[in-house]
Amino acid sequence: MRAALGRGGVRGIDKQEGDGATPAGVLPLRRVLYRADRMPVPACAVPVEPIAPDDGWCDDVQHADYNRMVRLPHAARHEVLRRQDELYDVIGVLGWNDAPVRRGLGSAIFLHVARADYAPTEGCVALALPDLRQVLAMGVTQLLVLPG
C-alpha cells in the first residue's frame with residue numbers, strides 16, 4: 001500500500017518534537033479514534049472510540065499534558081482532533097514516546113488518512129482511507145517503520 005510519511009524522513013532514536021520525521025521502529029497501535037458523524041465504527045483489534053468535538057492532543061513540550069489526549073479548550077499548544085478536513089476521520093494512536101512520555105522526543109504520531117496527493121505528514125503515517133480501513137480490519141496491532 002502506498003503511504004505518506006513525515007516531511008523530515010524517517011528517524012530512529014534522534015526523533016525530536018517539530019522535526020517532521022516519522023519515528024523508525026515497531027510502533028504499537030494503542031487505540032483507534034474515528035469521526036462517528038462521518039463513518040461507521042472501524043473494525044479493528046484495539047479499543048475504538050469516537051472523536052468528540054472537544055478532543056485535542058497536547059504537543060507543548062513545556063506542559064504536563066505533553067503527548068497526551070486533552071479536552072479543549074486547553075491552555076497549552078495542541079492539535080484539534082476533530083478537523084474540518086478528512087485527515088483525522090480515522091486516527092490510529094501509535095505508541096511513540098508514551099511509555100513513559102519524555103519531553104521533546106515527539107508527540108501525536110498517528111496512523112491517519114492521507115491527502116489525495118500523498119503529501120508528506122508532520123511525522124505520522126498516512127494511508128488512503130480504504131487502505132487504512134483494510135489494515136485496521138486485518139487486526140493489525142503494530143506498524144514496522146523502517147528508514148528508506
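Numerical summary
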{"read-out": "Flag for Val61 being touching a residue at least 40 places away in the same chain (Cβ under 8 Å) and in contact with a Ser or Thr (Cβ under 9 Å, 6 or more places away or on another chain)", "value": "yes"}
{"read-out": "Count - residues of the stretch 21-34 that are crowded, with 17+ Cβ neighbours inside 10 Å and closer than 28 Å to Pro73 by Cβ", "value": "3"}
{"read-out": "Where Gln16 falls short, out of the listed (1) in contact (Cβ under 8 Å) with a residue 24 or more places away in the chain; (2) under 23 Å from Ala128 (Cα atoms)", "value": "(2)"}
{"read-out": "Test set (1) more than 22 Å from Asn97 (Cα to Cα); (2) out of contact with any Phe, Trp or Tyr (no Cβ under 7 Å at 6 or more places or on another chain); (3) surrounded by fewer than 18 Cβ atoms within 10 Å (Cβ to Cβ); (4) touching a residue at least 24 places away in the same chain (Cβ under 8 Å) - Cys44 fails condition number", "value": "(3)"}
{"read-out": "Subset tally (residues that are among the charged types (D, E, K, R) and touching a residue at least 40 places away in the same chain (Cβ under 8 Å)) for the stretch 74-88", "value": "2"}
{"read-out": "Hey, Ala21 farther than 23 Å from Pro100 by Cα and either touching a His at 6+ places or on another chain (Cβ under 7 Å) or aliphatic (A, V, I, L, M) (or both) or not", "value": "no"}
{"read-out": "Options Ala64, Ala3: the member that is of a type in the set (Gly, Ala, Ser), out of contact with any Gly (no Cβ under 8 Å at 6 or more places or on another chain) and closer than 16 Å to Leu94 by Cβ", "value": "Ala3"}
{"read-out": "Any hit, the stretch 47-58, residues being without any contact (Cβ under 8 Å) to a residue 40 or more places away in the chain, closer than 19 Å to Gly18 by Cβ and not in a loop (DSSP other than H, G, I, E, B)", "value": "yes"}
{"read-out": "From the options Asp65, Asp55, residue that is among the acidic types (Asp, Glu) and touching a Leu at 6+ places or on another chain (Cβ under 7 Å)", "value": "Asp55"}
{"read-out": "So Ala75, is it more than 22 Å from Thr121 (Cβ to Cβ), touching a helix residue (DSSP H, G or I) at 6+ places or on another chain (Cβ under 8 Å) and not polar (S, T, N, Q)", "value": "no"}
{"read-out": "Sole exception among (1) under 12 Å from the mean Cα position of the chain (by Cα); (2) more than 14 Å from Cys124 (Cβ to Cβ) for Gly92, by number", "value": "(2)"}
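Conditions (1) closer than 19 Å to Ala126 by Cα; (2) buried (at least 18 other Cβ atoms within 10 Å of the Cβ), marked per residue:
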residue	(1), (2)
Arg7	yes, no
Gly18	yes, no
Arg38	yes, no
His63	no, no
Val70	no, yes
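Quick note: the coordinates plus some simple rules give every number you see, no bench work behind them. Since this is a predicted model, take the numbers as computed values, not measurements. Reconstructed Cβ throughout: ideal geometry from the backbone, glycine too, with neighbour counts over all protein chains shown.
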